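Notes for the one structure printed next.
Throughout, read-outs are computed from the coordinates displayed, never taken from laboratory work. What you are looking at is a predicted structure, and each value in this text was computed from that prediction instead of being measured. For neighbour counting, all protein chains shown are included, and Cβ atoms are generated from backbone atoms with ideal geometry for every residue, glycine included.
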Amino acid sequence: MHPFIDIHSHILPGIDDGLNHLAETLETFVELKKLGIGTIFCTPHQKEGSLNPPLLSIDQVFDAVVDEAGSQIRLFKGVENYFDPQFYERVSQRTVPTYGGSPYFLFELPPFTPVARFEDLVFQMNINGYHPILAHIERYEWIKASQLKALHSSMLYQVNITSFVEEVTPKARFKKVIRLMEKGLIDFLATDLHNKEIIPRVGEGMAFIEDHYGAETLHRLFSRNPRKIVKAIKSMEGPTS
Ligand SMILES: [Fe+2]
């Protein structure tokens, strides 16, 4: 079995509301490795007016972490784009920070406020050559499963593994992830890790998914599908690298 691949984490130290110190980041790698996670995409926030670290700072911190981590874990760069004017502009100018320069990127929406003409904006992302991945789809109270289904040919969907831990997830959200799984609306499972304390919950979520849907489902959503992003990044790097 291939190692698991986490496409959503706030694991870079001191850059957003995620981990704070390099030592903590390195310890977290060790703990995630114990769960079988061998590749991590570092996805700090890009949110205008709040968590919006300059892309150059992200690059610098990422490079420093890669140097320190050595070969213990494979790391890739990405961001979590918030759906704001900065993001619209980047979509229209084709300058969205993607996963390692590939056409895939992660984005999030406001949890409670419907986005006007959302379908048109998704269409524009596709026209501009992007493969958008909507982060933690279980959080958006205003999007119905039927709407997610209708847009599934234009977007891929990520769910947080910890949302499958009934004891720590609001009842409605837990029910929602079960429904989303049954309807085949989950493409990626990820940690969305902001702190070390959730690591045991990640393990419990993985165990729940394996028990209820089988090891094959866990591997498809947490290894095989994410590997398509890794392949896309590798193909952008060209045959000589
Ligand atoms: Fe996140």
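Restricting the GluC sites (Glu not before Pro) of the stretch 66-151 to loop positions (DSSP other than H, G, I, E, B) with no more than 15 neighbouring Cβ atoms within 10 Å leaves E141. Each peptide among 193-206, 1-14 gets the average number of other Cβ atoms lying within 10 Å of its residues, and from highest to lowest they stand as 1-14, 193-206. In summary, the lysines within cross-link reach of K149, defined as a Cα separation below 25 angstrom excluding same-chain residues under 8 places away, comprise K171, K175, K176, K183, K228.
Charge dipole (Cα centre; +1 on Lys/Arg Cβ, -1 on Asp/Glu Cβ; no other charges) of the chain amounts to roughly 860 debye. Can you show me the helix-derived [θ] at 222 nm for the chain, built from DSSP H runs with n ≥ 4 at -39,500 (n - 2.57) apiece and divided by the number of residues, rounded to the nearest 500. Per the formula, -12000 deg cm²/dmol.
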